[in-house]
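Here is the structure we will look at.
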Amino acid sequence: MSDNLVADWIRRAPKAVLHDHLDGGLRPATIIELARERGYRGLPTEDPAELAVWFRDAANSGSLERYLETFAHTCAVMQTRDALFRVAAECAEDLAEDGVVYAEVRYAPEQHLEAGLTLDEVVEAVNAGFREGERRAGGRITVRALLTGMRHTDRSKEIAELTVEHRDAGVAGFDIAGGEIGNPPARHLAAFQYLKQHNCHFTIHAGEAVGAESIHEAVQVCGAERIGHGVRITDDIVVHEDGTARLGHLASYIRDNRIALEVCPTSNLQTGAAKDYDSHPIDLLRRLHFRVTLNTDNRLVSGTTMSQEFQHMVDAFGYGPEVFEEFTVAAVEAAFLPLPERRRLIDEVVRPGYRSLA
Ligand SMILES: O=c1[nH]cnc2c1ncn2[C@@H]1O[C@H](CO)[C@@H](O)[C@H]1O
Ligand SMILES: [Zn+2]
(Lines give C-alpha, C1' and ligand atoms only; values in the text may rest on other atoms or scores of the structure.)
(Ligands and ions follow the chains in the order given, each with its own letter.)
Protein backbone atom coordinates (compact mmCIF):
# COMPACT_ATOMS: atom_id res chain seq x y z
CA MET A 1 0.00 0.00 0.00
CA SER A 2 1.32 3.47 -0.79
CA ASP A 3 2.06 5.92 2.02
CA ASN A 4 -0.92 8.05 1.02
CA LEU A 5 -3.33 5.14 1.17
CA VAL A 6 -2.01 4.18 4.60
CA ALA A 7 -2.41 7.75 5.83
CA ASP A 8 -5.95 7.79 4.47
CA TRP A 9 -7.21 4.67 6.26
CA ILE A 10 -5.45 5.70 9.44
CA ARG A 11 -7.26 9.02 9.38
CA ARG A 12 -10.63 7.37 8.78
CA ALA A 13 -10.19 4.51 11.27
CA PRO A 14 -12.20 4.89 14.51
CA LYS A 15 -9.88 5.36 17.48
CA ALA A 16 -10.25 5.24 21.24
CA VAL A 17 -7.80 6.81 23.66
CA LEU A 18 -7.74 5.99 27.38
CA HIS A 19 -4.56 7.86 28.28
CA ASP A 20 -4.36 11.49 27.20
CA HIS A 21 -3.50 14.38 29.55
CA LEU A 22 -5.52 17.57 29.15
CA ASP A 23 -2.58 19.71 30.25
CA GLY A 24 -0.23 17.87 27.86
CA GLY A 25 -2.30 18.46 24.73
CA LEU A 26 -3.02 22.18 24.31
CA ARG A 27 -2.88 23.89 20.93
CA PRO A 28 0.34 25.98 20.86
CA ALA A 29 -1.55 29.06 19.60
CA THR A 30 -3.99 28.75 22.50
CA ILE A 31 -1.16 28.66 25.04
CA ILE A 32 0.26 31.85 23.56
CA GLU A 33 -3.10 33.64 23.58
CA LEU A 34 -3.94 32.54 27.12
CA ALA A 35 -0.46 33.56 28.33
CA ARG A 36 -0.98 37.06 26.89
CA GLU A 37 -4.42 37.37 28.49
CA ARG A 38 -3.10 36.25 31.85
CA GLY A 39 0.20 38.17 31.72
CA TYR A 40 2.24 34.96 31.97
CA ARG A 41 5.75 35.79 30.75
CA GLY A 42 7.46 32.43 31.19
CA LEU A 43 6.94 30.99 27.66
CA PRO A 44 10.15 30.22 25.77
CA THR A 45 8.73 31.69 22.51
CA GLU A 46 5.57 33.38 21.21
CA ASP A 47 5.64 31.65 17.83
CA PRO A 48 3.18 28.68 17.73
CA ALA A 49 5.30 26.49 15.45
CA GLU A 50 8.43 27.14 17.50
CA LEU A 51 6.55 26.50 20.72
CA ALA A 52 5.37 23.10 19.47
CA VAL A 53 8.95 22.14 18.63
CA TRP A 54 10.19 23.50 21.96
CA PHE A 55 7.84 21.24 23.94
CA ARG A 56 8.75 18.13 22.01
CA ASP A 57 12.49 18.82 22.25
CA ALA A 58 12.45 19.80 25.91
CA ALA A 59 10.46 16.67 26.74
CA ASN A 60 12.78 14.49 24.71
CA SER A 61 15.20 14.20 27.60
CA GLY A 62 15.42 10.54 28.50
CA SER A 63 14.02 11.33 31.95
CA LEU A 64 10.42 11.41 33.18
CA GLU A 65 11.24 14.17 35.67
CA ARG A 66 12.50 16.50 32.92
CA TYR A 67 9.59 15.54 30.66
CA LEU A 68 7.23 16.67 33.42
CA GLU A 69 8.95 20.06 33.88
CA THR A 70 7.41 21.28 30.61
CA PHE A 71 3.92 21.10 32.15
CA ALA A 72 4.69 24.23 34.21
CA HIS A 73 3.92 26.30 31.09
CA THR A 74 0.63 24.64 30.23
CA CYS A 75 -0.65 24.60 33.80
CA ALA A 76 0.30 28.28 34.15
CA VAL A 77 -2.27 29.25 31.52
CA MET A 78 -5.03 26.87 32.74
CA GLN A 79 -6.10 28.75 35.86
CA THR A 80 -9.44 30.37 35.05
CA ARG A 81 -12.85 29.00 34.23
CA ASP A 82 -12.71 30.38 30.68
CA ALA A 83 -9.23 28.99 30.02
CA LEU A 84 -10.15 25.52 31.27
CA PHE A 85 -13.39 25.55 29.29
CA ARG A 86 -11.57 26.56 26.12
CA VAL A 87 -8.75 24.04 26.50
CA ALA A 88 -11.22 21.20 27.19
CA ALA A 89 -13.48 22.13 24.25
CA GLU A 90 -10.50 22.33 21.88
CA CYS A 91 -9.19 19.01 23.20
CA ALA A 92 -12.46 17.26 22.31
CA GLU A 93 -12.53 18.97 18.90
CA ASP A 94 -8.93 18.02 18.09
CA LEU A 95 -9.43 14.41 19.13
CA ALA A 96 -12.63 14.14 17.06
CA GLU A 97 -10.84 15.65 14.08
CA ASP A 98 -8.25 12.87 14.41
CA GLY A 99 -10.98 10.20 14.26
CA VAL A 100 -11.17 9.53 18.00
CA VAL A 101 -14.68 8.30 18.88
CA TYR A 102 -14.09 7.75 22.60
CA ALA A 103 -11.60 9.52 24.89
CA GLU A 104 -10.79 9.50 28.57
CA VAL A 105 -8.86 12.69 29.24
CA ARG A 106 -7.10 13.20 32.55
CA TYR A 107 -5.76 16.18 34.48
CA ALA A 108 -4.90 17.08 38.07
CA PRO A 109 -7.50 19.53 39.48
CA GLU A 110 -5.06 20.56 42.25
CA GLN A 111 -2.80 22.15 39.60
CA HIS A 112 -5.45 24.66 38.54
CA LEU A 113 -6.15 26.55 41.77
CA GLU A 114 -3.61 29.40 41.48
CA ALA A 115 -6.15 32.07 40.49
CA GLY A 116 -8.65 31.19 43.18
CA LEU A 117 -10.86 28.49 41.61
CA THR A 118 -12.08 25.73 43.90
CA LEU A 119 -11.59 22.05 43.01
CA ASP A 120 -15.31 21.79 42.17
CA GLU A 121 -15.13 24.83 39.90
CA VAL A 122 -12.16 23.34 38.04
CA VAL A 123 -14.02 20.08 37.40
CA GLU A 124 -17.20 21.89 36.36
CA ALA A 125 -15.31 24.13 33.90
CA VAL A 126 -13.53 21.19 32.27
CA ASN A 127 -16.71 19.11 32.06
CA ALA A 128 -18.56 22.03 30.45
CA GLY A 129 -15.70 22.37 27.96
CA PHE A 130 -15.86 18.70 27.04
CA ARG A 131 -19.62 18.94 26.47
CA GLU A 132 -19.05 21.97 24.23
CA GLY A 133 -16.34 20.15 22.28
CA GLU A 134 -18.59 17.11 21.78
CA ARG A 135 -21.31 19.44 20.50
CA ARG A 136 -18.93 21.21 18.09
CA ALA A 137 -17.82 17.80 16.81
CA GLY A 138 -21.43 16.97 16.01
CA GLY A 139 -21.57 14.06 18.45
CA ARG A 140 -18.78 12.13 16.68
CA ILE A 141 -16.90 11.79 19.98
CA THR A 142 -17.71 10.89 23.59
CA VAL A 143 -15.31 12.34 26.17
CA ARG A 144 -15.00 11.43 29.83
CA ALA A 145 -12.68 12.96 32.42
CA LEU A 146 -10.31 11.15 34.77
CA LEU A 147 -9.19 13.12 37.82
CA THR A 148 -5.52 12.72 38.66
CA GLY A 149 -3.90 12.99 42.08
CA MET A 150 -0.23 13.98 41.95
CA ARG A 151 2.14 11.42 43.44
CA HIS A 152 4.39 13.94 45.18
CA THR A 153 1.59 15.85 46.98
CA ASP A 154 -0.83 14.71 49.65
CA ARG A 155 -4.17 15.61 48.12
CA SER A 156 -5.03 12.27 46.52
CA LYS A 157 -7.75 11.40 49.05
CA GLU A 158 -9.43 14.75 48.39
CA ILE A 159 -9.22 14.17 44.63
CA ALA A 160 -10.68 10.69 45.09
CA GLU A 161 -13.62 12.27 46.93
CA LEU A 162 -13.97 14.82 44.13
CA THR A 163 -14.07 11.96 41.61
CA VAL A 164 -16.89 10.21 43.44
CA GLU A 165 -18.77 13.50 43.79
CA HIS A 166 -18.66 14.21 40.04
CA ARG A 167 -18.93 10.68 38.68
CA ASP A 168 -22.41 11.07 37.31
CA ALA A 169 -21.48 14.31 35.58
CA GLY A 170 -18.80 13.23 33.13
CA VAL A 171 -16.01 12.04 35.43
CA ALA A 172 -15.33 8.36 34.79
CA GLY A 173 -12.51 7.62 37.21
CA PHE A 174 -9.28 8.48 38.98
CA ASP A 175 -5.53 8.18 38.35
CA ILE A 176 -2.26 9.10 39.96
CA ALA A 177 0.59 10.62 37.96
CA GLY A 178 3.83 12.55 38.32
CA GLY A 179 7.40 11.45 39.06
CA GLU A 180 7.43 7.73 39.81
CA ILE A 181 10.82 7.43 41.50
CA GLY A 182 10.49 7.88 45.28
CA ASN A 183 6.69 8.14 45.12
CA PRO A 184 5.27 4.62 45.19
CA PRO A 185 1.51 4.31 44.63
CA ALA A 186 0.87 2.77 48.07
CA ARG A 187 1.53 6.23 49.57
CA HIS A 188 -1.96 6.98 48.25
CA LEU A 189 -3.66 3.92 49.66
CA ALA A 190 -6.27 5.97 51.51
CA ALA A 191 -7.46 7.37 48.18
CA PHE A 192 -7.67 3.94 46.55
CA GLN A 193 -9.51 2.44 49.50
CA TYR A 194 -12.01 5.29 49.40
CA LEU A 195 -12.60 4.68 45.69
CA LYS A 196 -13.06 0.94 46.24
CA GLN A 197 -15.53 1.61 49.03
CA HIS A 198 -17.50 3.78 46.60
CA ASN A 199 -17.27 1.36 43.66
CA CYS A 200 -15.33 3.90 41.62
CA HIS A 201 -12.92 3.16 38.77
CA PHE A 202 -9.21 3.98 38.82
CA THR A 203 -6.03 3.47 36.86
CA ILE A 204 -2.47 4.15 38.04
CA HIS A 205 0.63 5.31 36.14
CA ALA A 206 3.12 2.50 36.85
CA GLY A 207 5.98 0.64 35.21
CA GLU A 208 7.21 3.69 33.30
CA ALA A 209 10.26 5.00 35.21
CA VAL A 210 10.23 2.20 37.79
CA GLY A 211 10.16 -1.52 37.02
CA ALA A 212 7.65 -4.31 37.44
CA GLU A 213 7.57 -3.89 41.24
CA SER A 214 5.60 -0.66 40.80
CA ILE A 215 3.06 -2.52 38.62
CA HIS A 216 2.78 -5.16 41.32
CA GLU A 217 2.11 -2.50 43.94
CA ALA A 218 -0.40 -0.67 41.73
CA VAL A 219 -2.41 -3.81 40.98
CA GLN A 220 -2.01 -6.01 44.05
CA VAL A 221 -1.68 -3.46 46.86
CA CYS A 222 -3.69 -0.54 45.47
CA GLY A 223 -6.19 -2.41 43.27
CA ALA A 224 -5.75 -0.61 39.94
CA GLU A 225 -8.09 -1.82 37.18
CA ARG A 226 -5.76 -0.59 34.43
CA ILE A 227 -2.12 0.45 34.26
CA GLY A 228 -0.88 3.71 32.75
CA HIS A 229 2.07 2.67 30.53
CA GLY A 230 2.94 -0.62 32.26
CA VAL A 231 5.57 -1.42 29.64
CA ARG A 232 8.09 -2.45 32.28
CA ILE A 233 6.00 -5.60 32.77
CA THR A 234 8.62 -6.97 30.37
CA ASP A 235 10.91 -7.18 33.45
CA ASP A 236 8.80 -10.21 34.36
CA ILE A 237 8.93 -11.84 30.91
CA VAL A 238 11.83 -13.86 29.50
CA VAL A 239 11.95 -14.18 25.73
CA HIS A 240 13.92 -17.19 24.48
CA GLU A 241 15.97 -17.26 21.30
CA ASP A 242 13.36 -19.33 19.48
CA GLY A 243 10.81 -16.57 20.10
CA THR A 244 8.88 -18.37 22.83
CA ALA A 245 8.38 -16.49 26.09
CA ARG A 246 8.08 -17.40 29.76
CA LEU A 247 5.94 -15.17 31.92
CA GLY A 248 6.54 -14.66 35.63
CA HIS A 249 3.60 -14.75 38.04
CA LEU A 250 2.95 -11.00 37.89
CA ALA A 251 2.99 -10.87 34.08
CA SER A 252 0.67 -13.90 33.97
CA TYR A 253 -1.69 -12.28 36.43
CA ILE A 254 -1.88 -9.07 34.38
CA ARG A 255 -2.45 -10.99 31.16
CA ASP A 256 -4.86 -13.58 32.55
CA ASN A 257 -7.01 -10.97 34.28
CA ARG A 258 -7.16 -8.87 31.11
CA ILE A 259 -5.79 -5.80 32.96
CA ALA A 260 -5.44 -3.18 30.26
CA LEU A 261 -2.09 -1.57 29.59
CA GLU A 262 -2.37 2.04 28.42
CA VAL A 263 0.68 2.01 26.15
CA CYS A 264 2.09 5.33 24.86
CA PRO A 265 5.05 4.56 22.55
CA THR A 266 6.25 8.07 21.65
CA SER A 267 6.14 9.26 25.25
CA ASN A 268 8.14 6.16 26.27
CA LEU A 269 10.87 7.05 23.79
CA GLN A 270 11.09 10.58 25.21
CA THR A 271 11.28 9.53 28.87
CA GLY A 272 13.65 6.65 28.24
CA ALA A 273 11.10 3.92 29.07
CA ALA A 274 11.77 2.41 25.61
CA LYS A 275 14.67 2.67 23.17
CA ASP A 276 12.98 3.00 19.78
CA TYR A 277 9.75 2.12 18.00
CA ASP A 278 11.13 -1.05 16.42
CA SER A 279 12.03 -2.59 19.77
CA HIS A 280 9.06 -1.17 21.70
CA PRO A 281 7.48 -3.91 23.85
CA ILE A 282 3.97 -3.18 22.54
CA ASP A 283 4.35 -5.79 19.81
CA LEU A 284 5.64 -8.49 22.17
CA LEU A 285 2.83 -7.76 24.65
CA ARG A 286 0.21 -7.91 21.90
CA ARG A 287 1.54 -11.23 20.62
CA LEU A 288 1.44 -12.60 24.17
CA HIS A 289 -2.26 -11.63 24.36
CA PHE A 290 -2.04 -8.86 26.91
CA ARG A 291 -4.93 -6.38 26.72
CA VAL A 292 -2.94 -3.68 24.93
CA THR A 293 -4.30 -0.25 24.12
CA LEU A 294 -2.51 2.44 22.11
CA ASN A 295 -2.45 6.01 23.43
CA THR A 296 -0.97 9.47 22.99
CA ASP A 297 -0.12 10.39 26.63
CA ASN A 298 0.50 14.07 25.75
CA ARG A 299 -0.25 15.26 22.23
CA LEU A 300 1.62 18.57 22.54
CA VAL A 301 4.45 17.49 24.84
CA SER A 302 5.10 14.29 22.88
CA GLY A 303 4.37 15.98 19.52
CA THR A 304 1.89 13.28 18.54
CA THR A 305 -1.69 12.33 17.69
CA MET A 306 -3.50 9.00 17.63
CA SER A 307 -3.00 8.90 13.85
CA GLN A 308 0.73 9.42 14.29
CA GLU A 309 0.93 6.66 16.90
CA PHE A 310 -0.86 4.38 14.41
CA GLN A 311 1.61 5.38 11.70
CA HIS A 312 4.62 4.64 13.92
CA MET A 313 3.20 1.17 14.59
CA VAL A 314 2.61 0.58 10.87
CA ASP A 315 6.21 1.55 10.15
CA ALA A 316 7.70 -0.49 12.99
CA PHE A 317 5.58 -3.65 12.84
CA GLY A 318 3.68 -3.56 9.56
CA TYR A 319 0.31 -3.51 11.31
CA GLY A 320 -2.80 -3.32 9.15
CA PRO A 321 -6.30 -2.11 10.10
CA GLU A 322 -7.14 -5.41 11.84
CA VAL A 323 -4.55 -4.71 14.55
CA PHE A 324 -5.86 -1.20 15.17
CA GLU A 325 -9.38 -2.58 15.36
CA GLU A 326 -8.06 -4.94 18.04
CA PHE A 327 -6.45 -2.04 19.98
CA THR A 328 -9.58 0.09 19.65
CA VAL A 329 -11.94 -2.65 20.77
CA ALA A 330 -9.58 -3.42 23.68
CA ALA A 331 -9.65 0.24 24.71
CA VAL A 332 -13.43 0.47 24.61
CA GLU A 333 -13.74 -2.81 26.52
CA ALA A 334 -11.43 -1.40 29.21
CA ALA A 335 -13.13 2.01 29.26
CA PHE A 336 -14.61 3.26 32.54
CA LEU A 337 -18.07 3.36 30.94
CA PRO A 338 -21.18 1.32 31.72
CA LEU A 339 -21.25 -1.95 29.78
CA PRO A 340 -24.20 -1.02 27.50
CA GLU A 341 -22.36 2.12 26.37
CA ARG A 342 -19.19 0.13 25.67
CA ARG A 343 -21.19 -2.42 23.70
CA ARG A 344 -22.93 0.29 21.72
CA LEU A 345 -19.60 1.95 20.83
CA ILE A 346 -18.09 -1.34 19.71
CA ASP A 347 -21.11 -2.64 17.77
CA GLU A 348 -22.39 0.60 16.28
CA VAL A 349 -19.25 2.72 15.86
CA VAL A 350 -15.95 0.83 16.00
CA ARG A 351 -16.76 -2.44 14.16
CA PRO A 352 -18.77 -0.76 11.36
CA GLY A 353 -16.04 1.89 11.01
CA TYR A 354 -13.38 -0.75 10.41
CA ARG A 355 -15.66 -2.72 8.09
CA SER A 356 -16.09 0.38 5.95
CA LEU A 357 -12.29 0.72 5.58
CA ALA A 358 -12.05 -2.60 3.76
O1 LIG B 1 3.54 9.86 31.36
C2 LIG B 1 3.40 10.48 32.42
N3 LIG B 1 3.85 9.91 33.57
C4 LIG B 1 3.66 10.50 34.79
N5 LIG B 1 3.04 11.68 34.92
C6 LIG B 1 2.61 12.31 33.80
C7 LIG B 1 2.77 11.74 32.52
N8 LIG B 1 2.26 12.62 31.62
C9 LIG B 1 1.80 13.66 32.31
N10 LIG B 1 2.01 13.49 33.63
C11 LIG B 1 1.66 14.40 34.75
O12 LIG B 1 0.26 14.34 34.94
C13 LIG B 1 -0.20 15.63 35.30
C14 LIG B 1 -1.70 15.73 35.17
O15 LIG B 1 -2.13 15.59 33.85
C16 LIG B 1 0.65 16.54 34.42
O17 LIG B 1 0.68 17.86 34.91
C18 LIG B 1 2.01 15.86 34.47
O19 LIG B 1 2.74 16.34 35.59
ZN1 LIG C 1 0.50 9.80 31.37
Q | Stokes-Einstein D for the range 3-355, Kirkwood Rh over Cα pairs, 25 °C, 0.890 mPa s (µm²/s) | A | 122
Q) What are the residues whose amide H is under 5 Å from the amide H of L357, where those residues sit 5 or more places off or on another chain and H is modelled from the backbone? A) none
Q | Reachable lysines from K157, criterion Cα separation under 21 angstrom, eight or more residues apart if same chain | A | K196
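Which order do K15, K275 take when ranked by solvent-accessible area (1.4 Å probe, heavy atoms of all protein chains), largest first? Provide the component values of the computation, followed by the final result.
Details: K15 0, K275 160 Å².
Reading off the accessible areas and sorting them downward yields K275, K15.
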Q) Straight-line reach from K275: which lysines have a Cα under 26 Å away, not including same-chain ones fewer than 8 places off? A) K15
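Counting only helical runs of four or more DSSP H residues, what would the 222 nm mean residue ellipticity of the chain come to if each run contributes -39,500 (n - 2.57) and the total is spread over all its residues?
Working: 17 runs with 161 residues, N = 358.
That comes out to -13000 deg cm²/dmol.
Share of antiparallel DSSP beta bridges in the chain, in percent to the nearest 5?
10
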Q. So who's got an amide H within less than 5 Å of the one on Y107, skipping anything under 5 residues away but keeping other chains? H placed 1.01 Å off N, in plane.
A. L22, L146, T148
Q) Taking Cα centroids, how far is the range 258-303 from the range 316-347 in Å? A) 16
(Q) Please compute the alpha carbon radius of gyration of the range 72-127, then divide it by the globular-protein estimate 2.2 N^0.38 Å. Two decimals is fine. (A) 1.15
Q. When the chain is treated as a GNM, springs tying every alpha-carbon pair under 10 Å, which of R41, R342, R12 comes out with the largest mean-square fluctuation?
A. R41
**Q.** Under the Karplus curve 6.51 cos²θ - 1.76 cosθ + 1.60, θ = phi - 60°, whole-Hz ³J(HN,Hα) for the range 175-187, x wherever Gly or Pro sits
**A.** 8, 10, 9, x, x, 8, 5, x, 10, x, x, 5, 4
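The values are calculated or read from the model by the stated rules, or taken from the named source; none is laboratory data. Predicted model only: the values in this text are computed from it and were never measured. These accessible areas exclude ligands, DNA and RNA; they are computed on the full protein's heavy atoms, side chains included. Shrake-Rupley method; radii C 1.70, N 1.55, O 1.52, S 1.80 Å.
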